[in-house]
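Step one of this worksheet: look at the structure below.
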Amino acid sequence: LIDGNPKWPRNDLTYRIINYTPDMRPADVDEAIKQAFEVWSNVVPLTFRRIEDGAADIMMSFQYRDHGDGYPFYGPHGTLAHAFQPGPRIGGDVHFDEEETWTKNSRGYNLFIVAAHELGHSLGLAHSPDPGSLMYPNYAYRDTKDFHLPQDDINGIQAIYGQSLQPVQPTGPSTPGTCDPNLSFDAVATLRGEMLFFKGRYLWRKHPQIRETEINLISQFWPALPAGIQAAYENVEKDQFVLFKEDKYWVFKESNVVHGYPKRIHQLGFPKNVKRINAAFSDKNTGKTYFFVANKYWRYDENRQSMDEGYPRNIISVFGKIGKVDAAFQHDGYIYLFHGRKQTQFDPNTKQVVRVLKSTSWFSC
Amino acid sequence: APVAPEVDTMMLAKGYLRNFYSLETELRPSFRRKITDSVSEKLRKMQSFFGLKVTGKLNNETVEMMKQPRCGVPDIGEYV
């Protein structure tokens, strides 16, 4: 909450869109702003009515450089927008930097996401240190078609205006705790010397030589990807990163999806009855990639670009009684196979399990 | 391994801390308080807010965070 807990004295507020950006059609701006207001009116007993003339409680405009409020913009990137806390005159107003590229999708900066964040300030919220929250100060693209206000933001706004009048109280996603003993992963992979751990909308970045672990939204790095990635691996030879969800897979070069993707996993050689990949890792020495599906695994030759003969095989026949594999990666010659809250360290040379660890053992908890 | 930031990076950091962590400098004398927080103290606040390793020093991780596009509202205090 903002110092002093400022709030609007009424629940029926008005807003006005003063001008438009040339980056978007006016109708798309109107829609993005309307949806941004709905993010908040869905969870608290506030209503927002648009007016076309006169002074509204919340005036929204696109502004250029020094625009007379003491907080100039400085050109593209950096500061994208700002807003003023509840109050008369400039109070509640939202200013977007006209020099940014505003969009209704993942390119440039998504107007809906930025507007929804700024309106949080207009209603009395400060920044949150929760990296999954809408009120986190740094911009991160997230899926706007299926947007759910995070629980951290719901808690904040309801602390100011009370609960929704709806019979069922809305709830939102919570950011997983890095050291939660119950934490499991959807996928794990190396990428240019770092380790990436995927869970829902989030990923943790861990550098082997740095103690701290960083949590980010997946969409911050790969806006084109959906949440809930199920498997991932790095192709070191090609410097590519491969991600799987359901029957699709994406190949990325840095943050850009390679032309022609996503493709169906069956194009890798899986039979039609395989609907999704649970885990994958690539053996950097042999150029073979291993795919885990239910209780079986396949081996793919990256050089020949085809599945090896004699697969699938039972996981238990090679890796021991570890059950279904959720995530896997190779590090320092060992293979780490994740299942629920545990991971198995496997030595491919001796074909033996070295030890069983907690899944979060990499996080210095 | 982290490399010591260059001089212009320090300029960037000071600008960032001035905008979002109310770092008081000679540029804004009217805002000067009796006790002036140092750059190091402000860096600590910023690192703590973003869950970075709190060192009070300008390391690469902190600079990368400062370079990210963001909202212009200060993260702590002095929001009017």
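The values are calculated or read from the model by the stated rules, or taken from the named source; none is laboratory data. Please read these numbers as outputs of a predicted model, since none were measured by experiment. Because the Cβ atoms are built from the backbone with ideal geometry, glycine has one as well, and the counts that use them run over all protein chains shown.
Applying the selection to segment A:225-246, what residues are crowded, with 19+ Cβ neighbours inside 10 Å and under 20 Å from A:ALA140 (Cβ atoms)?
A:LEU225, A:ILE229, A:ALA232, A:PHE241, A:LEU243, A:LYS245, listed by residue number.
Annotation: A:ALA159 fulfils all but one of (1) more than 17 Å from A:SER41 (Cα to Cα); (2) more than 11 Å from chain B (Cβ to nearest Cβ); the unmet one is (1). Checked against (1) out of contact with any Gly (no Cβ under 9 Å at 6 or more places or on another chain); (2) at pLDDT 95 or above, A:TRP362 meets all criteria but (2). For A:PRO76, the conditions (1) surrounded by 15 or more Cβ atoms within 10 Å (Cβ to Cβ); (2) within 14 Å of another protein chain (Cβ to nearest Cβ) all hold with the exception of (1).
Pull up segment B:40-67, narrow it to residues that are aliphatic (A, V, I, L, M) and under 12 Å from the mean Cα position of the chain (by Cα), then point me to the one that is nearest to the other protein chains (Cβ to nearest Cβ). So that I can check it myself, show each step before the final result.
Here is the first cut: in segment B:40-67, the residues aliphatic (A, V, I, L, M) are B:43, B:46, B:52, B:54, B:58, B:63, B:65-66.
This time we only want the ones that are under 12 Å from the mean Cα position of the chain (by Cα), so: B:43, B:46, B:58, B:63, B:65-66.
On the way: B:LEU43: 15, B:MET46: 10, B:LEU58: 16, B:VAL63: 14, B:MET65: 8, B:MET66: 10 Å.
Per the criteria, the residue is B:MET65.
Restricting segment A:58-107 to residues that are of a type in the set (Gly, Ala, Ser), outside any loop (DSSP other than H, G, I, E, B) and more than 23 Å from the chain's Cα centre (by Cα), the residue that is farthest from A:TYR139 (Cα to Cα) is A:SER61.
Taking segment A:1-44, which residues are free of Cβ contacts under 8 Å to residues at least 60 places away in the same chain and over 25 Å from A:GLU98 (Cβ atoms)? Listed by number, the residues that qualify are A:GLY4, A:PRO9, A:ARG10, A:ASP12, A:SER41.
Number of residues in segment A:314-338 that are over 19 Å from A:ASN235 (Cβ atoms) and without any contact (Cβ under 8 Å) to a residue 60 or more places away in the chain equals 14. Scanning segment A:328-365 for residues that are assigned to a loop (DSSP other than H, G, I, E, B), among the charged types (D, E, K, R) and more than 27 Å from the chain's Cα centre (by Cα) yields A:ASP332, A:LYS351.
Within segment A:56-73, is there a residue that is modelled with pLDDT under 95, within 9 Å of another protein chain (Cβ to nearest Cβ) and under 24 Å from B:ARG18 (Cβ atoms)? Yes.
Selection of segment A:1-37 for residues being within 17 Å of A:GLY92 (Cβ to Cβ) and assigned to a helix (DSSP H, G or I) yields A:ILE33, A:LYS34, A:ALA36, A:PHE37.
Which of the residues spanning segment A:285-298 are surrounded by fewer than 18 Cβ atoms within 10 Å (Cβ to Cβ) and either touching a residue at least 60 places away in the same chain (Cβ under 8 Å) or within 22 Å of A:PHE185 (Cα to Cα) (or both)?
If the condition is that a residue be surrounded by fewer than 18 Cβ atoms within 10 Å (Cβ to Cβ) and either touching a residue at least 60 places away in the same chain (Cβ under 8 Å) or within 22 Å of A:PHE185 (Cα to Cα) (or both), then A:ALA294, A:ASN295, A:LYS296 are the ones that fit.
Looking at A:PHE346, A:PHE363 in this structure, which one is more than 30 Å from B:LEU52 (Cα to Cα) and buried (at least 16 other Cβ atoms within 10 Å of the Cβ)? Please lay out each step first, then the result.
Numbers: A:PHE363 fails: more than 30 Å from B:LEU52 (Cα to Cα).
Of the residues listed, the single one that is more than 30 Å from B:LEU52 (Cα to Cα) and buried (at least 16 other Cβ atoms within 10 Å of the Cβ) is A:PHE346.
Answer with yes or no whether B:ARG70 is more than 8 Å from chain A (Cβ to nearest Cβ) and not hydrophobic (A, V, I, L, M, F, W, C). Against the criterion (more than 8 Å from chain A (Cβ to nearest Cβ) and not hydrophobic (A, V, I, L, M, F, W, C)), B:ARG70 does not qualify. Comparison of A:ASN303, A:ASN235, A:ASN256 shows that the only residue that is modelled with pLDDT under 95 and in contact with a Gly (Cβ under 6 Å, 6 or more places away or on another chain) is A:ASN303. Taken over segment A:191-208, the criterion of being farther than 12 Å from A:SER364 by Cβ and within 11 Å of chain B (Cβ to nearest Cβ) is satisfied by A:ARG205 alone.
Applying the criterion of being within 10 Å of the chain's Cα centre (by Cα) and polar (S, T, N, Q) to the residues of segment A:207-224, the residue that is surrounded by the most Cβ atoms within 10 Å (Cβ to Cβ) is A:SER219. Looking at segment A:211-315, the strands (runs of 3 or more DSSP E) lying wholly inside it that each contain 2 or more residues that are of a type in the set (Phe, Trp, Tyr) sit at A:240-245, A:248-253, A:288-293, A:296-301.
Condition check for A:SER255 on (1) within 28 Å of A:ASN105 (Cβ to Cβ); (2) touching a strand residue (DSSP E or B) at 6+ places or on another chain (Cβ under 9 Å); (3) hydroxyl-bearing (Ser, Thr, Tyr); (4) in contact (Cβ under 8 Å) with a residue 24 or more places away in the chain: one failure, at (2).
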